[in-house]
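To start, the structure itself, in structure tokens.
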Amino acid sequence: MEDRCLASELPSEILLEIFRHISRKRSLDTWEPCPPTPDAWSIARICRAWHGAATEALYHTVSIRTISSAYLFHRTILRRTKLCSCIKVLRLPVDPSVTCPAPVMTMFTRIVNSMESLIALYAPIIQVSSKLQLNERTVRTILPISVAKHPHLSYLSLTTAPIHLDSLHPQLSAFHDLRYLELGSLLLDRVPDPAMTPPLAKLEAIDTDDKNISFMDDWLLACPSLTTIFIVCYRSAGPVPKVITSGKIRHIGIKSCAHWSHTPKGWLPVCTSLRILEVPLTFLDYHIDYMPLILDELRLVTPQNACIRPSLLEEYMSRMPSIGDLVFVFLDSNRLFFEHRYAYERICKAHGVQVSFDTLLTYPSGTPPRHSPTR
């Protein structure tokens, strides 16, 4: 009599719950979808008893990184329609530096609306029609996302080529469960009209350019759950937005920053409610004089092959900051960081600051995930 593995006798509901904990790729952005690692896909080939539950868990998050892969994926879901109900998190490929061709945008739209109730969508292509062009810079947009198909969408990233938009798309307000909104390189030319685009009651975080934050100031103030702002590029040359000084923002993340030497004062010193700050490690190079000294958590994100002198960290620590936890976030391929890691650790411990390290794996192709602070 053939021995059977006890694991194959488990109900599919229990197997599915177990498979939800499979290893996944991580990026510098924890809001971004994290697909399974290549090794994790082998669990679907262990036995027939595991195949169904493993497939459902593995296809929960799908990250497509090339146009050719997107075409193959589209063909797959046309043949295997049951997969559409498994997929809840979808990342489509996009190059923010170029405008996506119309046939590709059409294919992306079909993929998105073939899914059944997505909860997270990264990089939906915004369709731009030349017939709706307003002037040389500003265009109207069409979001290729059906509200009826995806009523529970909580994460939406609108990443495309840098273009100017007349204002926020009114369709956004129809996603009542939206908690995270990323505008990427999109720049607004007009203050959002609350009558056209009502504030989102559940919005917790917005990721956009600092100029957009100034344009959206009143709209953001009216979003009652907003506590987190991620800034694509921190210039801080204009007046401080009211939302920054309102006392509601507890978490700020900065992806990149200008030298900012012409500005005597930035947003950080006047954000008295700030408790969590995420900045590139090189932020200390430019703005060490404006770094907050009282934080629950400070996350220093190290992009690929970048580092700072240990003496700069020593200078900041000499100011006796009160930090609950200092976290260095870095890719495993960053050799420069590994050379200074123990020096950073020694400096922090010498000043009584708790330090930890969050190591992220480089993608198999050698290309790191898109750069932004870990959240």
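No lab work stands behind these numbers, since they all come straight from the coordinates. Remember, it's a predicted structure, so these values are computed and weren't measured experimentally. Every residue, glycine as well, gets a Cβ built from its backbone with ideal geometry; the counts of neighbours run over all protein chains shown.
Tabulated data
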{"item": "Computed FRET value (nearest 0.05) for Tyr290 with Arg346, which takes r as the C-beta separation and R₀ as 25 Å", "result": "0.45"}
{"item": "Computed FRET value (nearest 0.05) for Arg250 with Asn113, which takes r as the C-beta separation and R₀ as 51 Å", "result": "0.90"}
{"item": "Approximate spin-label separation Ser185-Thr66, in nm, with each point projected 7 Å along Cα-to-Cβ", "result": "2.1 nm"}
{"item": "Full-extension gain in nm, Asp177 to Arg275, via 0.36 nm per residue minus C-alpha separation", "result": "32.8 nm"}
{"item": "Stretch gain in nm, segment Phe338-His164, where the contour uses 0.36 nm per residue and the Cα spacing is subtracted", "result": "58.6 nm"}
{"item": "Label-point gap, in nm, between Lys82 and Thr106 - each point 7 angstrom along Cα→Cβ", "result": "3.1 nm"}
{"item": "Long-range amide H partners of Thr197 with built H, under 5 Å", "result": "none"}
{"item": "q = 0.17 Å⁻¹: log10 I(q)/I(0) that the Debye formula gives for segment 303-357, counting C-alpha atoms only", "result": "-0.51"}
{"item": "FRET efficiency estimate (nearest 0.05) - Cβ-Cβ, Lys202 to Cys233, R0 35 angstrom", "result": "0.85"}
{"item": "Hydrodynamic radius by Kirkwood, which averages 1/r over all alpha carbon pairs of segment 262-364, in angstrom", "result": "14.1 Å"}
